[in-house]
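The block underneath contains the structure these notes are about, expressed in structure tokens.
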Amino acid sequence: MHSDRRQFLAAAAAFAALPPIAARAAVSPSDAEAFVAQLVDDLIDILSRATAQDTRVEEFLALFRRTTALAEIGRFTMGRNWREMTDAQREAFIEAFERYAARAYTNRLGDYNGQTVTITGSQDVGRRGVLVRSVLRSPGEQPFEVEWLVNEKDGQPILVDIVAEGVSLSITQREEFSGMVERRGGDIDRFIADLDTLG
Amino acid sequence: MRRVLFGIACVAGVAGCATPAPEGALIADPWERTNREIHEFNKGLDVVLVRPVSFVYREATPDLFQFLISNFVEHLRLPVIAVNDVLQGEFERGLSTVGRFAVNTLVGAGGLLDPATEFGLPYDPNDGGITLARAGAEEGAFVVLPLLGPTTVRDGFGRLFDFAIDPFNFLRVPGGAAGEVARVAVPVVDVRSRNFELIDEVLYETEDSYVTVRAATVQNLRRRLRDRDLVDPESLPDIFGE
């Protein structure tokens, strides 16, 4: 669609248009890209080993706890409901959310069968971090655009979101959770209990 | 009827009817009740017709055949894309699209093959919804259309516009009624079969498929509006900032 030159000029123009006070991401684009490359390797490593479903859930959970801003993502996905939750509810939710996410990934990603992820570049998105772009290729299927939002926490790069073909997992999850709470008449405790059975 | 008029007024920008999304939500959905009914209807249609046909198509026809059909479906969209390119002032892109159409018609077996991509003229989609957005039309609320599926008010009108200017809609297809059915059905089956598992998952493995479809559709439509391929940071979650 665009030549490299055009893309470069566009990026340069967009950069020049930024107000001087615009916050730069704390994490550098090259660190973010290296972080994503490592994360992809770790994911493929888990998916390539023939392990029992339960073991894989635990492996995903360990990987997420190490590399993802799980607590912050969890808080984000509760949207406005977060403000009304008690400390005990918040704690119970984050715990349920972590396991829910690990189960969901185990069930949906399936086994590794030859997919490759090629990192194609990144974009500084200010205080939200760096968006690393990649193309996911599966044998016999059309390539898929996947973007990884990376920020920094305690001096380390940390994964904040995955955007697949423009669809943010965190935002979609927030919409789903908001609907789920609403369907339960605003009963947060019931929602948290049900979350334990889903994914 | 009043709703339809309201929608037209929105796109024309006559009434002050920008529909702001409620705080913390992705998009306004004032017609949720009706939307949900139509969503269920469309889902039923998927169960009894679209899904089974797409499944058979995917399993029983050769990959090469599906590849040719996909090429052809894309090929037939090129005139509409070129018109929208020009309307957006993107003359260079419009010219490339016309070039692609010429190359694949002449040396790509009428559009079944795609030598144009090798010649540096890849498929570069565009549509009436993008044209309306570039012209300043508001996105409007979420709406689910019978048969056509989920969209926004603006993109619904965009599709109507694209339908109206599509030269292939004025062409008679061979095969009478069967030909007419194929014209409508082939693009649908092409998309459904190429995204078979993904659509299955969204429709049948979510707690409330309506909410998931709404979230995915709206974000996917907004992605088309990216300026020179750059992501609007505002569209990303600000998890440390809230």
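Note on the range A:158-176: residues that are more than 7 Å from every other protein chain (Cβ to nearest Cβ) and in a helix (DSSP H, G or I) total 3.
Within the range B:210-224, can one find any residue that is more than 7 Å from every other protein chain (Cβ to nearest Cβ), touching a Pro at 6+ places or on another chain (Cβ under 8 Å) and open to solvent by 50 Å² or more (accessible area, probe 1.4 Å)? Yes - at least one qualifying residue is present in the range B:210-224. Of the residues making up the range B:177-201, those that are within 13 Å of chain A (Cβ to nearest Cβ) and open to solvent by less than 40 Å² (accessible area, probe 1.4 Å) are B:Asp190, B:Ser193, B:Phe196, B:Asp200. The sole residue among A:Arg103, A:Arg137, A:Arg90 that is more than 10 Å from chain B (Cβ to nearest Cβ), within 16 Å of A:Gly74 (Cβ to Cβ) and surrounded by fewer than 19 Cβ atoms within 10 Å (Cβ to Cβ) is A:Arg90.
Being part of a strand (DSSP E or B), over 17 Å from A:Asp42 (Cα atoms) and not polar (S, T, N, Q) is a property that A:Leu131 has.
Any residue that is open to solvent by 30 Å² or more (accessible area, probe 1.4 Å), farther than 20 Å from A:Phe35 by Cβ and either facing chain B (nearest Cβ under 9 Å) or modelled with pLDDT under 95 (or both) - is there at least one of those in the range A:114-123?
Within the range A:114-123, one or more residues are open to solvent by 30 Å² or more (accessible area, probe 1.4 Å), farther than 20 Å from A:Phe35 by Cβ and either facing chain B (nearest Cβ under 9 Å) or modelled with pLDDT under 95 (or both).
With respect to the conditions (1) closer than 28 Å to B:Glu205 by Cβ; (2) open to solvent by 40 Å² or more (accessible area, probe 1.4 Å); (3) within 17 Å of the chain's Cα centre (by Cα), A:Lys153 lacks only one, and its number is (1). Limited to the range A:45-81, what total is found for residues that are under 18 Å from A:Val150 (Cβ atoms) and away from chain B (no Cβ under 14 Å)? Of the residues in that region, 5 qualify.
Between A:Gly110, A:Gly179, A:Gly199, A:Gly155, which is within 12 Å of another protein chain (Cβ to nearest Cβ), without any contact (Cβ under 8 Å) to a residue 24 or more places away in the chain and among the small types (Gly, Ala, Ser)?
On the way: A:Gly110 fails: without any contact (Cβ under 8 Å) to a residue 24 or more places away in the chain; A:Gly199 fails: without any contact (Cβ under 8 Å) to a residue 24 or more places away in the chain; A:Gly155 fails: within 12 Å of another protein chain (Cβ to nearest Cβ).
After ruling out the rest, the residue left standing is A:Gly179.
For the range B:71-110, residues that are under 20 Å from the mean Cα position of the chain (by Cα), in a helix (DSSP H, G or I) and not hydrophobic (A, V, I, L, M, F, W, C) total 10.
Applying the criterion of being touching a Phe, Trp or Tyr at 6+ places or on another chain (Cβ under 9 Å) and away from chain B (no Cβ under 11 Å) to the residues of the range A:182-196, the residue that is modelled with the lowest pLDDT is A:Asp196.
The values are calculated or read from the model by the stated rules, or taken from the named source; none is laboratory data. Treat the numbers as computed from the prediction; the structure is a model and nothing was measured. Heads up, the Cβs are rebuilt from the backbone with ideal geometry, glycines too, and the neighbour counts pull from every protein chain shown. Quick note on the areas: whole protein, heavy atoms, side chains included, nothing else; ligands and nucleic acids left out. Shrake-Rupley method; radii C 1.70, N 1.55, O 1.52, S 1.80 Å.
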